[in-house]
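Input: a single structure, listed below in structure tokens.
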Amino acid sequence: MTLASSSRIRAVAVVVTITVMLSYYLLPPKYITLHPSKGSTHTIYSDGDWGGESSIAWLDEPAIRWLCRLKQSPAHPVCGLAVHWSDIWSQSINAEDYSRLRLTLKYKGPAHALRIYMRNFDEQHGTLEDRDTHKFMSVNIPTAEFAQFDTKAQVTEIELSELQVADWWKSEYNVDRHQAKPAFDRITSFGIDFPVPPVMGEHTLELESVELVGTWIPAENLYLGIILAWLLGLFLETAWHMYRWRRVAKENFRQVKDLTNYAEALKLKSEKYRELSHIDSLTEVYNRYGFMQTLKKLFGRGALNGCLMIIDIDYFKRINDNFGHVAGDKILHEIAQVFARNVRKNDVFARWGGEEFVLLVTHYDLNQARALAEKLRLLIKEYDFNTVESTQITISIGLTSFSKTDSLNSAFLRADEALYSAKTQGRNQVVIAQNE
């Protein structure tokens, strides 16, 4: 590939890039029609439905035109329209790939703003059948952005990012603020009513259309794809030139060979480090190597003081024989995760090998460690392992304490002897070996 041919290829790449970018902006958006749609139903409501003074009535139901008469009363004045989806839409719409709401709405009345809202089903805080429990997300839009009845239809676009979860919904369902973020994965309804405090009087509204609008490809994904394509092209071009230079510069062959050997050595080292990884791939906790490395760090900080447990799954071979190794692997993983969730952050928990685990708890005396061991034993005994139905899984634990003056080998020997005693005494128990 000569310098001239490289320049021609780059020129073609520039033209293709510009064409793709122009096509992106000329590409029509994708959309979902929420109204009018055969898969939707319309409901009007007011506080008159629960004892208030306000009222609502259809002026032209096929045209979705209604009249609200808001009147002050002890009940909170409410008047609005809700659009729901039928079973044809599985009662919800996934709007995550859409960025804005486009609606054509006419309004006549004294209100300064209308509240546009959507509801999203969150199974943690409601039920699908009861739409009143669904997450309420809304934004207030000035009525000046909507057409009057005597004017030409006017399209209003609302960014979905403008919608915020209502404070009253968070308070009523006691939702943590971290879980009360807007979500658009299961939209169950769209609606129009009035923000608080509502303006009393007569309000006439007509909803012509509602659409969810989005792009086929997010702009950031397009730009990222272009950047990656250019990087790939530059990489291939560079690789080609390097290949040519290698053929021309034969005197550098030995150096290239040395570099290749060095790269191979790095690969071998990388594979070795991968084998010595700190994490056990099956249980996702420390393996033996990771456990020992952590102990070295603790010992270096003078923090090696506490208790050591060796844990063994009772009759694990029988489980493998009866249910297979896949079931056995799942049990190992679940037991490891139960332990990991119930020990402190500073404790060191690892798979020692096979069905054995070790747990080192620092700054615990023997009574505290015994209480923890019993808690873990009971958690496993009462845990529902779906993999082996009607079969109870239990563990045996050997426990000992150690101190800075104690050797790690002696602590392991004591804990291992205690574990052996637990097994010979019937399993499913904690046995303590005193540090004399």
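Express the Stokes-Einstein translational diffusion coefficient of the stretch 1-147 in µm² s⁻¹, to the nearest whole number, given a Kirkwood radius over alpha-carbon pairs, 20 °C and a viscosity of 1.002 mPa s.
Details: Rh = 19.6 Å.
Here the translational diffusion coefficient equals 110 µm²/s.
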*With N denoting the number of residues in the stretch 378-436, provide Rg(C-alpha) divided by 2.2 N^0.38 Å, to two decimal places.*
1.40
_Counting only protein heavy atoms and a 1.4 Å probe, tell me what percentage of the chain's accessible area is made up of carbon and sulfur._
54 percent
*Take the alpha-carbon centre of the stretch 407-432, take the same for the stretch 99-139, and report the distance between them in whole Å.*
62 Å
*Stokes-Einstein D (µm²/s) once Rh is taken as the Kirkwood radius of the stretch 336-436 over alpha-carbon pairs, at 20 °C in 1.002 mPa s*: 150 µm²/s
*Using the Cα centre as the reference, give the magnitude of the dipole from point charges on the C-beta atoms of the chain (Lys, Arg: +1; Asp, Glu: -1; all else neutral), rounded to the nearest 20 debye.*
2320 debye
*Excluding residue 179 itself, what net charge comes from residues whose Cβ is under 10 Å from its Cβ, given Lys and Arg +1 and Asp and Glu -1?*
+2
*Charge dipole of the chain about the Cα centre (unit charges at C-beta), most positive-ward option of 58, 305, 166*: 305
*Mind grabbing the base-10 log of I(q)/I(0) for the stretch 165-215 at q = 0.27 Å⁻¹? Debye formula, identical points on the C-alpha positions, no solvent, two decimal places.*
-1.16
*In the stretch 122-155, which chymotrypsin sites (Phe, Trp or Tyr not before Pro) are in a loop and have at most 15 other Cβ atoms within 10 Å, using DSSP for the loop call?*
149
_Relative to 2.2 N^0.38 Å, what does the C-alpha radius of gyration of the stretch 327-385 come to as a ratio? Two decimals please._
1.13
*Dipole magnitude of the stretch 289-436 about its Cα centre, charges +1 at Lys/Arg Cβ and -1 at Asp/Glu Cβ only, in debye to the nearest 20?*
480 debye
*asked:* For a protection proxy built on the mean count of beta-carbon atoms within 10 angstrom, sort 189-196, 358-365 highest first, please.
replied: 189-196, 358-365
*Rolling a 1.4 angstrom probe over the protein heavy atoms, how many square angstrom per residue are accessible across the chain?*
58 Å²
*Percent of Cα-Cα pairs per 5 Å bin, from 0 to the last occupied bin, for the stretch 126-209, please list those.*
3, 10, 20, 22, 18, 13, 9, 4, 1, 0
*Excluding residue 167 itself, what net charge comes from residues whose Cβ is under 14 Å from its Cβ, given Lys and Arg +1 and Asp and Glu -1?*
+3
*Rounded to the nearest 500, what is the chain's calculated 222 nm mean residue ellipticity when only DSSP H runs of at least 4 contribute -39500 (n - 2.57) each, over all residues?*
-12000 deg cm²/dmol
*Between the stretch 280-341 and the stretch 162-206, the alpha-carbon center distance in angstrom*: 48 Å
*If you count the DSSP beta bridges with both ends in the chain, what percent of them are antiparallel, to the nearest 5?*
95 percent
_I want to check the label-to-label distance for residue 217 and residue 278. Put each point 7 Å from Cα in the C-beta direction and report it in nm to one decimal._
4.1 nm
_At most 11 other Cβ within 10 Å, DSSP loop - GluC sites (Glu not before Pro), the stretch 100-150_ = 123, 129
*List, largest first, the extents of the alpha carbons of the stretch 105-154 along their principal axes, each in whole Å.*
45, 17, 15
_Within 13 Å, Cβ to Cβ, of residue 72, how many net charges do the neighbouring residues add up to if Lys/Arg are +1 and Asp/Glu are -1?_
0
*P(r) weight above 19 Å for the stretch 285-363, C-alpha pairs, percent*: 39 percent
*With a bin width of 10 angstrom, please list the P(r) values of the chain as percents of all Cα-Cα pairs, from the 0 bin to the one holding the largest distance.*
4, 14, 15, 11, 13, 17, 16, 9, 2, 0
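The values are calculated or read from the model by the stated rules, or taken from the named source; none is laboratory data. The structure presented is a predicted model; accordingly, all values stated were derived computationally and were not measured. Because the Cβ atoms are built from the backbone with ideal geometry, glycine has one as well, and the counts that use them run over all protein chains shown. When the accessible area is computed, the model is the full protein with side chains, heavy atoms only, and any ligands, DNA or RNA have been set aside. Shrake-Rupley method; radii C 1.70, N 1.55, O 1.52, S 1.80 Å.
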